[in-house]
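Please treat every number below as a calculation from the coordinates, not as lab data. Nothing here was measured: the structure is a model prediction, and the numbers come from that model. Positions of Cβ are generated from backbone atoms using ideal geometry, with glycine treated the same way; all protein chains shown enter the neighbour counts.
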Amino acid sequence: MESKVRVTRRAKPKKPVKMYAIIISLIILFVLSGFGTYQYSKIKHFNNLIYPGVSIEGIDLSGKTKEQARKLVEKNYWNKILGKKINVKANDKTYTLKYSELKSTSNLDKVMDDAFNYGKNLIIFKKYDIIKHKKGKNFHLNFGYDKKTIDSFVSKIEKAVKVNPVNASLSLNGGNFDVTPGQNGKALDKDKLKKELVSSISPENFNDVTKTAVINTVKPRITSDKLSSVSTQVGSYSTNYGGSQPGRKNNIELATQAINGTTIMPGDVFSFNGIVGERTSEKGYQAAPVIIKDKLEPGIGGGICQVSTTLFNAVDKAGLESTERTHHTLPVHYVPEGKDATVDFGNIDYKFKNNFSSPVYIESYTSNGQIAFNIYSSGK
């Protein structure tokens, strides 16, 4: 019997395949390592620089240090903004305010930090992607200013263009009244100008701003037609001061002159202190006896209470309404008791209201030791 012998072949070892896999893995690892090293090197280069594609107000800051970037933004943007001008044409003049005078402010420090730090908090692959593909960002600056600078600028223009209107006036010549016509004034429409300037202030471009101010005509409160009805004497009164000492005479004459020619429109209130003003030596007033409480004491402007008293009696005879009157603490010799009106600047005043429907004109003068007040209107 023949015996059969089975021969078993052994599989050849797969060492070459494993070797290839290892080699390929090493190559891939080497490539990745090299690429990672390249990425790291590229990113490290920008550690102290601004990433590519980053800008402020369109100014490219790629690869700049923070200091370089700041100088670039200041030169090509901020300084140009501060160099802008606001021009206002008013009448035949032009008034200019520079942006640098606006006390301008910005968030440049914060924006510069944001631009410098952009992308640097990301993982390495995203950092590299920004750097390689310049996936930056454009940052904007905020512009602020002190609105009080606009107020001051407008006020300056307002004062320069302002022309006060002149009221029509009356003058008595030989018993007849002459009317001097009034004159129109000018006034800046400051609210409109202020709104236009505020709305025009912008950092969006470097162009100057020019506005034309609106100047309004201001008519006088008292016009010729309102004075034409004054023609009739409606009240008169006089007192004697001839025996007064020189200082008292001087004061009476000064105060009387100050009132002469005053016109009071219907509904208006006449104030003695408001018209005559403070009695001072600079105005020519002198020391003379003044009633203080129950005594006569020297004081600047002493004696002018006789002027206010004489005026009160003329006003009373005209039928006008005295709204503020104070008696002396002692009787006076120049009018009956109870018919006086004392004054003391800053303390006691004499006032009356024009309760007529037409203007009232006051004529006052001194002559031969007499004070005289004549009140004129259109008639009672």
At what distance in angstrom do the alpha carbon centres of region 156-225 and region 263-278 lie from each other? 25 Å
I'd like to know which of Val73, Thr105, Leu122 lies farthest towards the positive end of the charge dipole of region 30-173, counting +1 on Cβ of Lys and Arg and -1 on Cβ of Asp and Glu. Leu122
Toward the positive end of the charge dipole of region 186-232, about the Cα centre and with charges on Cβ (Lys, Arg +1; Asp, Glu -1), which of Val209, Thr232, Ile222 goes farthest? Thr232
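Which order do the peptides 52-63, 108-119 take when ranked by the mean count of other beta-carbon atoms within 10 Å per residue, highest first? Can you show the working numbers first?
On the way: 52-63: 18.7, 108-119: 16.4.
Listed from highest to lowest mean packing, they are 52-63, 108-119.
Could you compute the net charge surrounding Asn273? Neighbours are other residues with a C-beta less than 14 Å from the C-beta of Asn273; K and R count +1, D and E count -1. List each step's numbers first, then the result.
Numbers: positive: Arg279, Lys283, Arg325, Lys351; negative: Glu278, Glu324, Asp344, Asp349.
That works out to 0.
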For Phe356, list long-range residues whose amide hydrogen, built 1.01 Å from N in the peptide plane, is under 5 Å from its own amide hydrogen. Gly267
Past the 24 Å Cα-Cα mark, which pairs from Lys75/Lys156; Lys89/Lys195; Lys64/Lys98? Lys75/Lys156; Lys64/Lys98
From a point 7 Å beyond the Cα of Ala160 in the direction of its Cβ, which residues of region 186-218 have a backbone N at a distance under 18 Å? 186-198, 208-216
Rounded to the nearest 20 debye, dipole of region 147-225 from Cβ charges on Lys, Arg, Asp, Glu: 240 debye
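How far, in nm, would the chain grow between Lys89 and His133 when pulled straight, counting 0.36 nm per residue and subtracting the alpha carbon separation? Don't skip to the answer; put the middle values down first.
Working: separation 44, 0.36 × 44 = 15.84 nm, distance 5.10 nm.
Additional length available on full extension: 10.7 nm.
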Sticking with the crude label model, points 7 Å out along Cα→Cβ, report the distance from Thr105 to Asn47 in nm, one decimal please. 3.7 nm
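May I ask you to derive the FRET efficiency for Ile123 and Asp146 from their Cβ-Cβ distance with R0 = 41 Å, giving the value to the nearest 0.05?
On the way: r = 45 Å, r/R0 = 1.09.
With a Förster radius of 41 Å, E is 0.40.
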Full extension between Thr329 and Ile348 adds, at 0.36 nm per residue less the Cα distance, a length in nm of 5.6 nm
Could you run the Karplus curve 6.51 cos²θ - 1.76 cosθ + 1.60 with θ = phi - 60° over region 341-346 and give me ³J(HN,Hα) per residue in whole Hz, x for Gly and Pro? 8, 8, 9, 8, 4, x
Between Glu321 and Ser224, what is the spin-label point distance in nm, taking each point 7 Å from the Cα along the Cα→C-beta axis? 3.3 nm
Tell me the net charge near Lys353. Cut-off is 14 Å between Cβ atoms, Lys353 excluded, with +1 for each Lys or Arg and -1 for each Asp or Glu. -3
Starting from the amide H of Gly299, placed 1.01 Å from N in the peptide plane, find each other amide H under 5 Å away whose residue is 5 or more places distant or on another chain. Ala288, Val290
Specify the residue with the greatest mean-square fluctuation among Asn240, Asn273, Asn173, computed from a Gaussian network of the chain linking alpha-carbon atoms under 10 Å apart. Asn173
Given charges at beta-carbon only (K, R positive; D, E negative), |dipole| of the chain in Debye: 5400 debye
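Find out how many positive minus negative residues lie around Val154, taking Lys and Arg as positive, Asp and Glu as negative, among other residues whose Cβ is under 14 Å from that of Val154. Spell out each step's value before the answer.
Working: positive: Lys89, Lys147, Lys148, Lys156, Lys159, Lys162, Lys190, Lys192, Lys194, Lys195, Lys211; negative: Glu101, Asp146, Asp151, Glu158, Asp189, Asp191, Glu196.
Residues near Val154 contribute +4 overall.
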Apply the membrane-span-like helix rule to the chain: whole DSSP H runs, Cα extent along the own long axis of at least 30 Å, mean Kyte-Doolittle hydropathy at least -0.5. List the helices found. 15-45
Need the full-extension length gain, Gln245 to Ser200, defined as separation in residues times 0.36 nm minus the C-alpha distance. One decimal, nm. 9.4 nm
Residues of region 64-95 with amide nitrogen under 20 Å from the 7 Å Cα-to-Cβ point of Lys211? 81-95
